[in-house]
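The values are calculated or read from the model by the stated rules, or taken from the named source; none is laboratory data. This one's a predicted model, so the numbers in the text were calculated from it and none came from an experiment. So basically every Cβ, Gly included, is an ideal-geometry build from the backbone, and we count neighbours across all protein chains shown.
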Amino acid sequence: MMIVMKPTATEAEIDAVIDRIETLGATAHPIFGTELTVIGAVGDRAHVEHLDLDGAPGVDRVVPILKPYKLASAELRQGEPSIFNIGGSRIGGGHFALMAGPCTVETREQTLDTADVVKAAGATFLRGGAYKPRTSPYGFNGLGQEGLRLLAEAKERTGLPVITECLDVRDLPAVLEVADVLQIGARNMQNYGLLTEIGRCGHPVMIKRGLSATLDELLMAAEYVLKEGNPTVILCERGIRTFETAYRFTLDLSAIPVLQELSHLPVVVDPSHAAGRRALVEPLSLAAAAAGADGIIVEVHPEPEHALCDGPQQLRADEFADYASRVVRAAALAGNAIQASVGV
């Protein structure tokens, strides 16, 4: 249920509505806009149906949210997209984010050199993996806490906010000390225990679509985080598994406008994991940016041939500036603009 308050509603009237919602055993999620306040009431049908808030002081109207994902639904914000300011970088609502860096943190030199390159080219976030989920248990699984330390050093050096993956609730405290955005990978999209804990920590999170997940399932994963009181959730399309074998995954470009129609949350695209091949990354990036994606998350390495993980899909660091320039121009076609890099 969505309770839309009148523009003239007082603080006391808003508090009274929240108190009514919580007294009946539901959870109130207030959203304070520039002109209106909207309060989402989430809970069992028996609780929500007996709110009796029509005509209450300060209430303009009560609107049922029909989607199963109540807090992720576009209806909650009446079609207005969410805009997040994370570590000085904005994403959503016309603000385009360029997230770039190595697939995995390998050495100090590799991490800092890549961070310098992407910062100079205008990236707004530094991505890098300290913990890596691998199909093979014998693959390189990341440096763990040493990787986090190197990301922290790169963050201090460049001023770029860091996005890195968290695989396990046991690693959450250490990752939280470094990450500005927690990444939930495709294989953990339906790890509901992890999503719940991340929702409780209140930290910005990006959830990647599962390999065979529907858009509704992705939005329900986001709901697990949102319902715990964490409003800063970014959705990521990273390619889905289909019958095609010419490339690693099939990038679902239709997901961009559809998710933006269904939800108020920003939508980012990962062309690196969809393509699996360097030559395909830029065409997919340009297509995603022109289709209106709120951001791109892409992998960059000084020497991809010697990378310990996913070398064939990582962009060459010395070619990244030209790539970034073309992606920014493509984003402008959809009315999205990248902001200047944050200062150190």
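Being surrounded by 16 or more Cβ atoms within 10 Å (Cβ to Cβ) and either of a type in the set (A, V, I, L, M, F, W, C) or under 21 Å from the mean Cα position of the chain (by Cα) (or both) is the filter here, so list the residues in the range 141-158 that pass it. Of everything in the range 141-158, those that are surrounded by 16 or more Cβ atoms within 10 Å (Cβ to Cβ) and either of a type in the set (A, V, I, L, M, F, W, C) or under 21 Å from the mean Cα position of the chain (by Cα) (or both) turn out to be L143, L148, L150, L151, A154, K155. Out of the residues in the range 238-282 that are among the polar types (S, T, N, Q) and closer than 21 Å to L98 by Cβ, which is surrounded by the most Cβ atoms within 10 Å (Cβ to Cβ)? Only one residue fits best here, namely S272. Pairing residues of the range 290-306 that are in the same structural domain as E165 (by TED's automatic domain parsing) with residues that are of a type in the set (D, E), at Cβ distances under 6 Å and at least 6 apart in sequence or on separate chains, gives I297/D270; P302/D113. Selection over the range 189-226 of residues that are more than 22 Å from A255 (Cα to Cα) and either touching a strand residue (DSSP E or B) at 6+ places or on another chain (Cβ under 6 Å) or β-branched (V, I, T) (or both) gives a count of 3. Total residues in the range 173-190 satisfying the condition of being surrounded by fewer than 19 Cβ atoms within 10 Å (Cβ to Cβ) and of a type outside the set (D, E, K, R): the figure is 4. Of the residues making up the range 127-150, at least one is at pLDDT 95 or above and of a type in the set (K, R).
Residues are listed down the side, and each one gets a yes or a no for (1) in a helix (DSSP H, G or I); (2) farther than 21 Å from V105 by Cβ; (3) touching a helix residue (DSSP H, G or I) at 6+ places or on another chain (Cβ under 7 Å):
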{"site": "L160", "(1), (2), (3)": "no, no, yes"}
{"site": "T164", "(1), (2), (3)": "no, no, yes"}
{"site": "L167", "(1), (2), (3)": "no, no, yes"}
{"site": "R170", "(1), (2), (3)": "yes, no, no"}
{"site": "P173", "(1), (2), (3)": "yes, no, no"}
{"site": "R187", "(1), (2), (3)": "yes, no, no"}
{"site": "Q190", "(1), (2), (3)": "no, yes, yes"}
{"site": "L195", "(1), (2), (3)": "yes, yes, yes"}
